[in-house]
């Protein structure tokens, strides 16, 4: 049985370098025998605001119901997105707020500080672009956005291991640099 991989493009522009990375990863994963599905957040119709928090009873739009079904299907999740202002774009954060809900991604235990991790058994790969040099983002900014996504969202929901690959700086990158980064995404998919 082949691995079921869901590639989630979290960039709001369909023609971004993130989109190219997502497509290259998906193509290489298919060539390696994986069953691959793509989810492009820019194409989904949903309100990214969780208006009343987890207790508000906000119904999911059809695209978000389908997204939850895709995540439940997947064994491996690949998130492709840029770092803006130190973290993921609002579109991706809104998607996570609306989709990674109690009863789907986690469940609080009654009378306990602990929770059940409902997405356990899955792994994740983050392909993250940035204009900041990755070494500067790590050592000066402390990988803040990476830690948010890895520890407080995905691992909180039981997804592990979570591997992160940073590409940058994108601004001013040459065509050979971009080609090298696309090749790197393909190598990651084939592993």
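Working only within the range 1-24, note down all residues that are more than 14 Å from the chain's Cα centre (by Cα), more than 18 Å from residue 129 (Cβ to Cβ) and touching a residue at least 12 places away in the same chain (Cβ under 8 Å).
If the condition is that a residue be more than 14 Å from the chain's Cα centre (by Cα), more than 18 Å from residue 129 (Cβ to Cβ) and touching a residue at least 12 places away in the same chain (Cβ under 8 Å), then 2, 3, 4 are the ones that fit.
All but one of (1) over 14 Å from residue 91 (Cα atoms); (2) surrounded by fewer than 22 Cβ atoms within 10 Å (Cβ to Cβ); (3) at pLDDT 95 or above hold for residue 52; state the number of the condition that does not hold.
For residue 52, the failing item is (3).
Can you find, within the range 139-152, the residue that is surrounded by the most Cβ atoms within 10 Å (Cβ to Cβ) among those that are without any contact (Cβ under 8 Å) to a residue 24 or more places away in the chain and touching a helix residue (DSSP H, G or I) at 6+ places or on another chain (Cβ under 9 Å)? Break it down stepwise before answering.
Here is the first cut: in the range 139-152, the ones without any contact (Cβ under 8 Å) to a residue 24 or more places away in the chain are 139-140, 142-143, 146-147, 151-152.
Adding the requirement that they be touching a helix residue (DSSP H, G or I) at 6+ places or on another chain (Cβ under 9 Å) leaves 143, 146.
Details: 143: 18, 146: 22.
Top of the filtered list is 146.
Looking only at the range 64-71, decide whether some residue is closer than 29 Å to residue 170 by Cα and surrounded by fewer than 19 Cβ atoms within 10 Å (Cβ to Cβ).
no
Regarding residue 10, is this residue surrounded by 21 or more Cβ atoms within 10 Å (Cβ to Cβ) and either farther than 25 Å from residue 181 by Cβ or modelled with pLDDT of 95 or more (or both)?
Values: surrounded by 21 or more Cβ atoms within 10 Å (Cβ to Cβ): yes; either farther than 25 Å from residue 181 by Cβ or modelled with pLDDT of 95 or more (or both): yes.
Against the criterion (surrounded by 21 or more Cβ atoms within 10 Å (Cβ to Cβ) and either farther than 25 Å from residue 181 by Cβ or modelled with pLDDT of 95 or more (or both)), residue 10 qualifies.
Quick check: anything in the range 26-40 over 18 Å from residue 69 (Cβ atoms) and out of contact with any helix residue (DSSP H, G or I) (no Cβ under 9 Å at 6 or more places or on another chain)?
Taking the range 26-40 first, the residues over 18 Å from residue 69 (Cβ atoms) are 26-34.
Of the ones still in play, those that are also out of contact with any helix residue (DSSP H, G or I) (no Cβ under 9 Å at 6 or more places or on another chain) are 33.
There is at least one residue in the range 26-40 that is over 18 Å from residue 69 (Cβ atoms) and out of contact with any helix residue (DSSP H, G or I) (no Cβ under 9 Å at 6 or more places or on another chain).
Just checking: which of the strands (runs of 3 or more DSSP E) contained wholly in the range 25-138 hold 3 or more residues that are without any contact (Cβ under 8 Å) to a residue 40 or more places away in the chain, over 18 Å from residue 152 (Cα atoms) and touching a strand residue (DSSP E or B) at 6+ places or on another chain (Cβ under 8 Å)?
Values: elements: 35-40, 76-82, 106-108, 115-117, 123-129.
Output list reads 35-40.
Yes or no: the range 24-36 includes at least one residue that is closer than 11 Å to residue 81 by Cα and surrounded by fewer than 19 Cβ atoms within 10 Å (Cβ to Cβ). Can you show your working first?
Residues of the range 24-36 that are closer than 11 Å to residue 81 by Cα, as a first pass: none.
So far as the range 24-36 goes, no, none of its residues is closer than 11 Å to residue 81 by Cα and surrounded by fewer than 19 Cβ atoms within 10 Å (Cβ to Cβ).
Restricting to the range 13-23, give me the number of residues that are in contact with a strand residue (DSSP E or B) (Cβ under 9 Å, 6 or more places away or on another chain), part of a helix (DSSP H, G or I) and surrounded by fewer than 21 Cβ atoms within 10 Å (Cβ to Cβ). Talk me through it step by step, then tell me what you get.
Residues of the range 13-23 in contact with a strand residue (DSSP E or B) (Cβ under 9 Å, 6 or more places away or on another chain): 14, 16-19, 21-23.
Next, only the ones that are part of a helix (DSSP H, G or I) stay: 17-19, 21-23.
This time we only want the ones that are surrounded by fewer than 21 Cβ atoms within 10 Å (Cβ to Cβ), so: 17, 19, 23.
The qualifying residues number 3.
Are any residues in the range 153-183 assigned to a loop (DSSP other than H, G, I, E, B), more than 19 Å from the chain's Cα centre (by Cα) and exposed (fewer than 15 other Cβ atoms within 10 Å of the Cβ), and if so, which ones?
Filtering the range 153-183 down to residues assigned to a loop (DSSP other than H, G, I, E, B) leaves 156-161, 168-174.
Filter again for more than 19 Å from the chain's Cα centre (by Cα), leaving 169, 171-174.
Scanning the range 153-183 gives 171, 172, 174.
The values are calculated or read from the model by the stated rules, or taken from the named source; none is laboratory data. Fair warning: this is a prediction, and the values are worked out from it, not measured in the lab. Counting neighbours? That spans all protein chains shown, and the Cβs are built from the backbone with ideal geometry, glycine included.
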